[in-house]
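Presented below is the structure to which this report refers.
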Amino acid sequence: MGKGIRSRASGWLAICALFLGLCVASVAQRALAAPPESEMAKRQQTLERLQGLLRGIVGDASKVGYLGDMGAVPESLAALVAASEAPGYSTANRGFVGMGFNGPYAPAAGMVGGQYVDAWGSPIVLEMGDAAVRLRSAGPDRDFDTAQDDVVFPVGMKTTHGRIEVEVVAVDPDGSQIGLLDDGDVLVRVYSAASGIETSALASHAAGANRFSLDDVHLGRHYVEAVGLDGTDYSSIAVGDVLWLKGRAARLKLSLVLEADTDTGTVICHKPDGPQPRTKTVHKASLDAHLGHGDALGPCADD
Ligand SMILES: [Ca+2]
């Protein structure tokens, strides 16, 4: 009886010892696989630094970044802090859109020797894709060739340029909508920053489309303007608004008020010195252009 108890007790001991051994082995293995606490903290600190730098470049919900003010991604991360030869920030642009260097766009605290570094002391790299950007730290092994421990943000790249679409609507003076306007009625111009200075480009209008569009526009605020074309009832009327492009596409609707056109035209002689002078009546909006290329006021001599 006593022997039986002893043998059963030693059996339990053996099982307990085996179990304990497994536990110890498992804990040791986990300790080897997982980075120590300080490495986790460094990884987190690095990720936050990358996030802050990306905000400085492309902006966030409340602030336009370097890209919006300057019109391009900075050539280096150090350019977020110090402007090289960029013009100073100004809102003296269409729609009071700010342009020029408005930095620092990121705190200088993360810099060592003029470079942004990760928590392991290695320089953070700005990766440029096709209209996209990403930030990378080499990770604890300080080696970009071994990417499995790198810290990257965002994992998919962040787009830096997008498409602006503009619908231009004609409305009566009483505000009722008449219809959509196309490139026979208006031209649509999008203002952007180029090296911190205002520039502009015309949006195009495909046949049959109901919107004007412009691609490859940098993220940020843009003044968008619709101008009535000479010879239409919208002549010399312009409307505009500010659109904030934050991703791949943004849309804007502009309303152009149709005004009663009281101009009955001015009679001119088209090409009076040419072989076939011709009397015609032109709209006031194009009169200066006609006189500028040699047309004369009044009918031609033979008419
Ligand atoms: Ca690495």
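Derivation of every value follows stated rules applied to the coordinates shown; laboratory data play no part. Remember, it's a predicted structure, so these values are computed and weren't measured experimentally. When we count neighbours, we look across all protein chains shown, and the Cβ atoms used for this are built from the backbone with ideal geometry, even at glycine.
For the stretch 56-161, trypsin sites (Lys or Arg not before Pro) meeting the loop criterion (DSSP other than H, G, I, E, B) and having at most 14 other Cβ atoms within 10 Å: 63, 142.
In this simple spin-label model, placing a label point 7 Å from the Cα along the Cα-to-Cβ direction at both residue 209 and residue 280 gives a separation of 3.0 nm. For the pair residue 91 and residue 288, label points projected 7 Å from Cα toward Cβ lie 3.0 nm apart.
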